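Below is one structure, written out as structure tokens, with a few remarks after it.
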Amino acid sequence: MYQEAWNLISQSNNIILISHLNPDGDALGSSLSLYPVLKDMGKNVHVVNMTLPLALRYDFLPNFAKIKSKMPSKCDLIISFDCGSFDRLGIDKSDIPLINIDHHKTNTNYGDINLVDPGKASASSVVLSLLEKNDIPLRRDVATCIYTALAEDTGFFSFDNVSEKVFEDAAKLIKAKANPALIAQKLKERNSLAKLRLEALLIDKLELVNDAKIGYSILTLDDFTKCGAIRPDSDRCVDIIRSLVTVELAILLIEENHSYKISLRSKDKVDVSDIALVFGGGGHKRAAGFTIQTKDTEKIIDNILNKVQI
Ligand SMILES: [Mn+2]
């Protein structure tokens, strides 16, 4: 598969690197990590994400400013990153060949070539393997992107996807001059006041059920306005709910224009990707999500609680 993917990349000239809507560090880091490599190979490269605005905490990633929210007209290959299903790319179906680079166990294998390895802690680790198998030396800008993605998807080396291999990969990236302290500071210590206000509101509205083993909260569009917050300010807010000592399952409902986005997190008893799959979403064992076209939050919560036994 890796060889087949590399052959297709080598034969293509106009390449789009695209990641999932509401991108996280893995989505942006893994897609940006291939940009300098493909440019060095003489390709025309476009980095696309259909979300606006992007979270600014990722602005230190090399080539972040190159990300556009529009598909270029000329293209002969699309490479998608960290995206479990085609609809999460936010683009129309086309006949353009697609390489799907991912690590979600719920991935629907929607690519013509699928480099999907659920054993990897991040999509960027799949990119790292692709580069290593083709003897591409690790440049500092590439290492920074891959490390950022790996650090965020492992909760800065604290989640249960952390293994010896993760640290081996991290060591290689640091050897290639990725800067762990700087990356951590850029990602974790640049919150806006609006985000902190949103987090305070979320805690204020927190509901606990099942002997406080399940915690859920709701952020409405009004809440965002009240706090002066924008959508990326709610990234990782669901982790605050999971951090409560009794909570096994954390649920956060975030209102969108015509729907609700539901984020699910678990400690060790619930596989939240199973729940997300029931509602047409996907993800990992400890982190998953889905979108639902209703504004009836009571019904959403009831439906989720009916699927869980803890
Ligand atoms: Mn990921």
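Some notes on this structure:
- Only one of Thr144, Thr148 that is over 16 Å from the mean Cα position of the chain (by Cα), surrounded by 21 or more Cβ atoms within 10 Å (Cβ to Cβ) and more than 21 Å from Ala5 (Cα to Cα): Thr144
- Applying a threshold of 9 Å to beta carbon distances and a minimum spacing of six or more residues, or different chains, the list of pairs starting in the range 114-125 at a residue that is closer than 7 Å to Ile101 by Cα and ending at one that is aromatic (Phe, Trp, Tyr) and away from the ligand (no atom under 11 Å from the Cβ) reads Leu115/Tyr2.
- Annotation note: of Lys177, Lys165, the sole residue that is within 16 Å of the ligand (Cβ to nearest atom) and surrounded by fewer than 16 Cβ atoms within 10 Å (Cβ to Cβ) is Lys165.
- Residue match in the range 173-191 (condition: in contact with a strand residue (DSSP E or B) (Cβ under 9 Å, 6 or more places away or on another chain) and of a type in the set (A, V, I, L, M)): no
- Answer residue from the range 13-22, given it is more than 14 Å from the ligand (Cβ to nearest atom) and either without any contact (Cβ under 8 Å) to a residue 12 or more places away in the chain or surrounded by fewer than 21 Cβ atoms within 10 Å (Cβ to Cβ) (or both) and is nearest to Ile67 (Cα to Cα) among those: Asn14
- Going through (1) surrounded by 13 or more Cβ atoms within 10 Å (Cβ to Cβ); (2) at negative phi one by one, Gly228 falls short only on (2).
- Selection from the range 168-223 of residues that are in a loop (DSSP other than H, G, I, E, B) and under 13 Å from Tyr147 (Cα atoms): Ala176, Lys177, Ala178, Asn179
- Put simply, of Asp82, Asp87, Asp40 the only residue that is of a type in the set (D, E, K, R) and buried (at least 24 other Cβ atoms within 10 Å of the Cβ) is Asp82.
- Subset of the range 23-50 (residues that are in contact (Cβ under 8 Å) with a residue 60 or more places away in the chain and either within 16 Å of the ligand (Cβ to nearest atom) or among the polar types (S, T, N, Q) (or both)): Asp24, Gly25, Asp26, Ala27, Leu28, Gly29, Ser30, Leu32, Ser33, Leu34
- Within the range 206-236, the residues that satisfy the criterion of being closer than 16 Å to Ile262 by Cα and of a type in the set (Lys, Arg) are Arg231, Arg236.
- Qualifying residue in the range 74-90 (condition: out of contact with any Asp or Glu (no Cβ under 8 Å at 6 or more places or on another chain), under 23 Å from Glu256 (Cβ atoms) and among the β-branched types (Val, Ile, Thr)): no
A short reminder: the numbers here are calculations on the coordinates, not readings from a lab. What you see is a predicted model; the values in this text were computed from it and never measured. So basically every Cβ, Gly included, is an ideal-geometry build from the backbone, and we count neighbours across all protein chains shown.
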